[in-house]
Amino acid sequence: MSRLIIISNRVTPPAGPDSAAQGGLSVALSAALREYSGIWFGWSGERTDHFNGHIHFQRSEGVTTATIDLEDQDIEEYYNGFANRTLWPLFHYRIDLAEYEREFAGGYQRVNARFAETVRPLIEAEDVVWVQDYHMIPLGAELRRLGCKNRMGFFLHIPWPPRRLFAILPLATELARSLFDYDVVGFHTEEWLDAYREFAVEDLGATWRESDGVLTLGGKSVQLLNCPIGIDAAEFAEMSRGPTAQHAFRQMQESANGRVMMIGVDRLDYSKGLEDRFLGYERFLREHTEVRKEVFLLQIAPPSREAVETYQEIRTTLEGLSGRINGAYADVDWVPIRYVNQGYPRDYLAGIYRAARIGLVTPLRDGMNLVAKEYVAAQDPEDPGVLILSRFAGAAIQLRDAVLVNPYSAEEMSDAIVTALKMDRSERIRRWRSMMNSVEREDVIWWRQKFTDALMGSEMRAAS
Ligand code: ADQ
């Protein structure tokens, strides 16, 4: 059987399946690696003075990880630069925030080449390679340059921007063209897939075969796959009934003091729409004096990418905004927003989700959004909460029974909170059942199986 080689920017060290620290993606990829006895290769997150291609191998829980350290300049140009200051904002439609520096593009290409040269000797003839996310788009092309004929797939975890936005990127055609070095390229939604296909057809001159979803350009073919990621729904639901979750649930209920808790859980990132969410909630507080003291919002937002200035700015903005709203509306016995900047173990988080009558997931743009699915999976089937979900999250395609909102509209957000507060139990159960069916059916195992099936079924590249 073929081995699986997974390559991503960061490698999450494998821990046991019940480790609270482990994310859903890590669980899924580790399970795939155990099944195909493969290797997970990527950056350790550590720095080195001189990159020398040294690989640290580690084996635990049946998974082998292989990591490398990067130089400061690499981290600055490739990770903080091209990945997080150019591609991330552009791919989330924020052309106003995207920065285009030649050094960033150069660092991105250099690190991708370094990854390829370092991982190449680990790849055996029958191995199948699966590359993850926007940090690594040109890696496949670099591996082909080094003579790698293996089956290779790429999965994009964020949106692919519309054709005219993508065209703003200097080197847009080169980047789009490099996806033709993969055999299968996966997206979370038909919308992101179509956006890439349109650019490839209109701007690169590729031909599209609708029947099997294959794009062809200059003798190279790539299959595009719509493959929405899921969570480990069964595990998450079980976790939400476990002792740590129960403890968190009780803690939240006591501190809620009979009020309805709304929960937001997001990395501190401008794409998550936190500012607009606060403004929508403020509008609700202003317009609904009769019920406003019956609710409060717990917003959990651990900082991320702090080396990037925009991320420092959003932190300051949100601190100011939550302070202003609390200053204007709080009373001696009630604070409308509890704003915390910490990460919590997943099982603890599951209990918090379960205690929240309303889940607020309102990104301005999101590839998928796993928090929406975790919130659904953590609910009590007899008395579930209501999910308020942005139309612009990939998850909105599957979770049609959420209360869908335009996150840019404070009015819609305010109305949605009222709708959720008024929703009776039978309606909540009906909507939750329908969403939970989708979360359970298209879970993370289904996702990786769908992708690896397509990849394993693809043909090896002929020697050129
Ligand atoms: P992210 O942008 O990181 O992922 P998301 O899908 O919501 O967004 O995943 C975040 C994860 O972090 C969730 O599992 C959540 O539980 C966890 N998390 C967030 N805050 C936390 C906290 N305070 N404590 C503990 N855990 C916390 C990118 C894309 C998404 C896509 C995923 C997977 O941007 O669109 O869904 O990859 O493909």
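The values are calculated or read from the model by the stated rules, or taken from the named source; none is laboratory data. Only a predicted model underlies this, so the values are computations on that prediction, with no experimental measurement involved. Cβ coordinates were reconstructed from backbone atoms using ideal geometry, including for glycine residues, and neighbour counts include every protein chain displayed. Accessible surface areas use protein heavy atoms only, side chains included; no ligands, DNA or RNA. Shrake-Rupley method; radii C 1.70, N 1.55, O 1.52, S 1.80 Å.
Is the stretch 313-326 home to any residue that is open to solvent by 50 Å² or more (accessible area, probe 1.4 Å) and among the polar types (S, T, N, Q)?
Yes: the stretch 313-326 contains one or more residues that are open to solvent by 50 Å² or more (accessible area, probe 1.4 Å) and among the polar types (S, T, N, Q).
Only one of these conditions is not met by L455: (1) open to solvent by less than 10 Å² (accessible area, probe 1.4 Å); (2) in contact with a Gly (Cβ under 6 Å, 6 or more places away or on another chain); (3) assigned by TED's automatic domain parsing to the domain that holds K272. Which number is it?
(3)
Just to be sure, is V418 open to solvent by 10 Å² or more (accessible area, probe 1.4 Å), part of a helix (DSSP H, G or I) and of a type in the set (A, V, I, L, M)? Can you show your working first?
Details: open to solvent by 10 Å² or more (accessible area, probe 1.4 Å): yes; part of a helix (DSSP H, G or I): yes; of a type in the set (A, V, I, L, M): yes.
For V418, the condition - open to solvent by 10 Å² or more (accessible area, probe 1.4 Å), part of a helix (DSSP H, G or I) and of a type in the set (A, V, I, L, M) - is met.
I need the full set of residues from the stretch 125-149 which are more than 16 Å from the ligand (Cβ to nearest atom), at pLDDT 95 or above and open to solvent by 10 Å² or more (accessible area, probe 1.4 Å), in order please.
Selection gives A141, E142, R144, R145, L146, G147, K149.
Give R85, R120 a once-over and let me know the one that is touching a Cys at 6+ places or on another chain (Cβ under 8 Å) and open to solvent by 40 Å² or more (accessible area, probe 1.4 Å).
R120
Can you tell me which residue within the stretch 358-368, out of those that are crowded, with 24+ Cβ neighbours inside 10 Å and part of a loop (DSSP other than H, G, I, E, B), is farthest from the ligand (Cβ to nearest atom)?
Selected residue: T362.
Failed condition for L279, given (1) in contact with a helix residue (DSSP H, G or I) (Cβ under 8 Å, 6 or more places away or on another chain); (2) within 13 Å of the ligand (Cβ to nearest atom), with all others met?
Every listed condition holds for L279 apart from (2).
Return the only residue of V340, V335, V403 being open to solvent by 10 Å² or more (accessible area, probe 1.4 Å), β-branched (V, I, T), within 12 Å of the ligand (Cβ to nearest atom) and not assigned by TED's automatic domain parsing to the domain that holds I95.
Details: V335 fails: within 12 Å of the ligand (Cβ to nearest atom); V403 fails: within 12 Å of the ligand (Cβ to nearest atom).
Among V340, V335, V403, only V340 is open to solvent by 10 Å² or more (accessible area, probe 1.4 Å), β-branched (V, I, T), within 12 Å of the ligand (Cβ to nearest atom) and not assigned by TED's automatic domain parsing to the domain that holds I95.
Assess whether S426 counts as being among the polar types (S, T, N, Q) and either in contact with a Pro (Cβ under 9 Å, 6 or more places away or on another chain) or open to solvent by less than 30 Å² (accessible area, probe 1.4 Å) (or both).
no
Any residue in the stretch 1-19 that is under 22 Å from the mean Cα position of the chain (by Cα), of a type in the set (D, E), over 20 Å from R151 (Cα atoms) and modelled with pLDDT under 95?
yes
Considering every residue within the stretch 293-309, establish whether at least one is closer than 26 Å to N80 by Cβ, part of a helix (DSSP H, G or I) and open to solvent by 60 Å² or more (accessible area, probe 1.4 Å).
yes
I'm checking my understanding of the structure. Among residues of the stretch 254-273 that are part of a helix (DSSP H, G or I) and away from the ligand (no atom under 12 Å from the Cβ), which one is most open to solvent (accessible area, probe 1.4 Å)?
The extreme case among them is E254.
Condition first: open to solvent by less than 50 Å² (accessible area, probe 1.4 Å), under 18 Å from the mean Cα position of the chain (by Cα) and closer than 25 Å to W446 by Cα. Can you find one or more residues in the stretch 197-215 that meet it?
no
For the stretch 193-251, which residues satisfy the criterion of being within 28 Å of L25 (Cβ to Cβ) and part of a loop (DSSP other than H, G, I, E, B)?
D212, G213, C227, P228, I229, G230, I231, D232, S240, R241, G242
Out of the stretch 432-450, which residues are part of a helix (DSSP H, G or I) and crowded, with 20+ Cβ neighbours inside 10 Å?
The initial filter retains those residues of the stretch 432-450 that are part of a helix (DSSP H, G or I), namely 432-441, 444-450.
The answer is W432, M435, M436, S438, V439, V444, W447, R448.
Can you list the strands (runs of 3 or more DSSP E) lying wholly within the stretch 38-129 that have 3 or more residues being within 29 Å of R448 (Cα to Cα) and either touching a residue at least 40 places away in the same chain (Cβ under 8 Å) or polar (S, T, N, Q) (or both)?
On the way: elements: 39-47, 56-60, 63-70.
Of the strands (runs of 3 or more DSSP E) lying wholly inside the stretch 38-129, those with at least 3 residues that are within 29 Å of R448 (Cα to Cα) and either touching a residue at least 40 places away in the same chain (Cβ under 8 Å) or polar (S, T, N, Q) (or both) span 39-47, 63-70.
Got a number for residues in the stretch 150-161 being assigned to a strand (DSSP E or B) and within 16 Å of the ligand (Cβ to nearest atom)? Even if it seems obvious, please write down each step before you answer.
Taking the stretch 150-161 as the starting set, the residues that turn out to be assigned to a strand (DSSP E or B) are 151-155.
If we keep only those that are within 16 Å of the ligand (Cβ to nearest atom) as well, we get 153-155.
Of the residues in that region, 3 qualify.
Could you tell me which of the residues R277, R250 is among the charged types (D, E, K, R) and open to solvent by 20 Å² or more (accessible area, probe 1.4 Å)?
The unique qualifying residue is R250.
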